[in-house]
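A short write-up of the structure that comes next.
The values are calculated or read from the model by the stated rules, or taken from the named source; none is laboratory data. On a predicted model such as this, the values are computed, not experimentally measured, just so you know. Ideal geometry is used to build each Cβ from the backbone, glycine not excepted, and the neighbour counts take in all protein chains shown. Accessible surface is based on the protein model in full, side chains and every heavy atom, while ligands, DNA and RNA are left aside. Shrake-Rupley method; radii C 1.70, N 1.55, O 1.52, S 1.80 Å.
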Amino acid sequence: MATHSPQPTSKKVCIVGAGMAGLAAVRELRREGHAVTVLEQSHDVGGQWLYDPRTDDADPLGAAAPVRVHSSMYDSLRLMSPREAMGFSDFPFASRDGAGAGCDPRRFPGHREVYCYLKDFCDAFGLVDAIRLNTRAVRIALAPPCDVGSSLRWQVRAVQVEPESNKEVSYTEEVFDAVVVATGHYSQPKLPSIDGMEQWRRTQLHSHSYRTPGPFCGETVVVVGCGESGTDIAVELTGVAREVHLAARSMEVVSPGLSKAIARHDNLHLHLGVERLREDGAVVFADGSSAVADTVIYCTGYSYSFPFLETEGRVTVDDNRVDPLFEHVFPASPLAPSLSFVGIPIRVIAPWFFEGQARWVARVLSGRSELPTEAEMVRSVEAQRRAREAAGVPNKLAHDICGVEPHYMSEFGERWCGFPRLESWKIELFASSVKNMAANFETFRDEYEDSDTVREALKEWRRSSGVGARHPEEEEDADAAEAMPP
């Protein structure tokens, strides 16, 4: 960890986005003494966790950029990571005692519980006054004079919008010393290229536009992609659809848990990819089979998109790689440190990992930490690229952390800003949940068994988190103990 001036300097900083990453950024930047303004296009904080039942009926594929509806959350979504392993380092994601009917104490709660947690975090640290709601970044570019090598500043043009209609009301322009992009990466759909897509006249949508299973009652639905969301949606649809056909790009991605789900549901069928869509409504799969479908849902992921950001080509997005980013945060160019990104990595424990990124950004901007030279950052980016290529990692997974470099996640913050590592029991809990999900996709959120180490750590975690009532699992432990003979 490189350190620099012991006397921190304050910068005027604009953060784009008030989701998990943006809230982590505003808290850390304020702690470091910076003057922060957050631009949030929605009517409340939370980012993706702010559920929006609306979809863009005119563009269900989300082909236009930027999308009109930011949220990609579907109504039944539950966490795939255990809440006890998540949360900010000093603000545990504990169940909300006394929160009424809206409280969801489960280990893998629904999306509203996450939203409420982020709201509580925002309130607890007094962040609301820094956030401009219903305000969308329109253009962010270097402010003149913008000679490389001089002290860079950024001109930010934003528009205030009406919450329901998205109608633009008024524009503002302001100059900032630094910009932190924290807009997430689950809004702009990534679509496959399949023969016949443009000619197919039946319903096609991206999972970005999926909310509830009701509209697909009695239909034959093809779900393209069997990642977490694709499998989740396909299984949910079996309860209402006549048939559900799940298309996987490779049989290697089919987990034992998915195989169990297919065996459990007579109307769920697995295929190898989609070869083409025929005008008569048939979907032809790569294994030679076909199905006449009413709807095709593409669960094919999302693309990084920063339509408001103008860097004159110094930061690009190519095959879902934001390039060139040093440690997934700072451009390996003269734009650093005045431009940074928080929340780019995927498959990390959030918001904990984003908190470490944000702390690093805050310290670099204040001068308490120092970046390597531009040449050193460029060499590091290229070395990482070559290492991943040698390991057979495709470019589109450039920012996949746990799936490629699991140790990176726990080492990152400590290396760059002294951010504490994640406790070993949380890592064990996270890993066991991933393993259980692969083995039992439909039941892993409700049926699990912790090791003795994790169980003891959880008891202490609940006590230190201020959870007054005994947790349901501890009640079960107590009941079992009382039932045992002396």
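By the gyration tensor of its Cα atoms, with a ≥ b ≥ c the square roots of the eigenvalues, what is the shape of the chain: rounded for a/c under 1.5, prolate for a/b over b/c, or oblate? It comes out oblate by the Cα gyration axes.
Once the piece of chain linking Arg157 and Glu447 is laid out straight, how much longer is it, given 0.36 nm per residue of separation minus the C-alpha distance between them?
In short, 99.5 nm is gained.
As a fraction of the 1.4 Å probe accessible area of the chain, surface on carbon and sulfur atoms comes out at 50 percent.
Here the relative contact order of the stretch 203-298, from alpha carbon pairs under 8 Å that lie six or more residues apart, stands at 34 percent. Taking the charge dipole of the stretch 1-73 about its Cα centre, with +1 at Lys and Arg Cβ atoms and -1 at Asp and Glu Cβ atoms, the residue from Val26, Ser71, Val45 reaching farthest to the positive side is Val26. Taking 7 Å steps out from each Cα toward its Cβ at Asp52 and Lys12 produces label points 2.9 nm apart.
Accessible area per residue, 1.4 Å probe, Å², for the stretch 203-298: what's the number?
Spelled out: the 1.4 Å probe surface of the stretch 203-298, per residue, equals 39 Å².
What separates the Cα centres of the stretch 121-195 and the stretch 236-297 is a distance of 39 Å. Among 396-405, 177-186, 257-266, 200-209, the peptide with the highest mean count of other Cβ atoms within 10 Å heads the list, and the full ranking is 177-186, 200-209, 396-405, 257-266.
For the stretch 305-451, the calculated P(r), taken from all Cα-Cα distances in 5 Å bins from zero up to the bin holding the longest distance, is 2, 9, 16, 19, 19, 15, 9, 6, 4, 2, 0 percent. When the Cα gyration tensor is reduced to axis lengths a ≥ b ≥ c, the ratio a/c stays below 1.5 for the stretch 203-298, which is therefore classed as rounded.
In the stretch 116-272, taking the dipole from charged Cβ atoms about the Cα centre, the farthest positive-side position among Leu152, Ser207, Val180 is held by Ser207. Spacing of the modelled spin labels on Tyr171 and Lys396, each 7 Å from Cα toward Cβ, amounts to 3.6 nm.
Rounded to the nearest 20, the Cβ-based charge dipole of the stretch 203-298 about its Cα centre (Lys and Arg +1, Asp and Glu -1) stands at 120 debye. The phi torsions of the stretch 329-339, fed into the Karplus equation with coefficients 6.51, -1.76 and 1.60 and a -60° offset, translate into couplings of 10, 9, x, 7, 7, x, 5, 7, x, 5, 10 Hz, rounded to whole numbers, with Gly and Pro shown as x.
How big is the dipole moment of the chain about its Cα centre under a simple scheme where the beta carbon of each Lys and Arg is +1, that of each Asp and Glu is -1, and everything else is neutral? Debye, nearest 20, please.
Magnitude of the dipole: close to 1080 debye.
Extension gain, Arg242-Glu382: 0.36 nm per intervening residue step, less the Cα-Cα distance, totals 45.4 nm. Close amide-amide hydrogen proximity is noted between Leu325 and Ala332, each under 5 Å apart and 5 or more residues distant or on a separate chain (H modeled in the peptide plane; Pro and chain starts excluded).
DSSP beta bridges confined to the chain are antiparallel in about 45 percent of cases.
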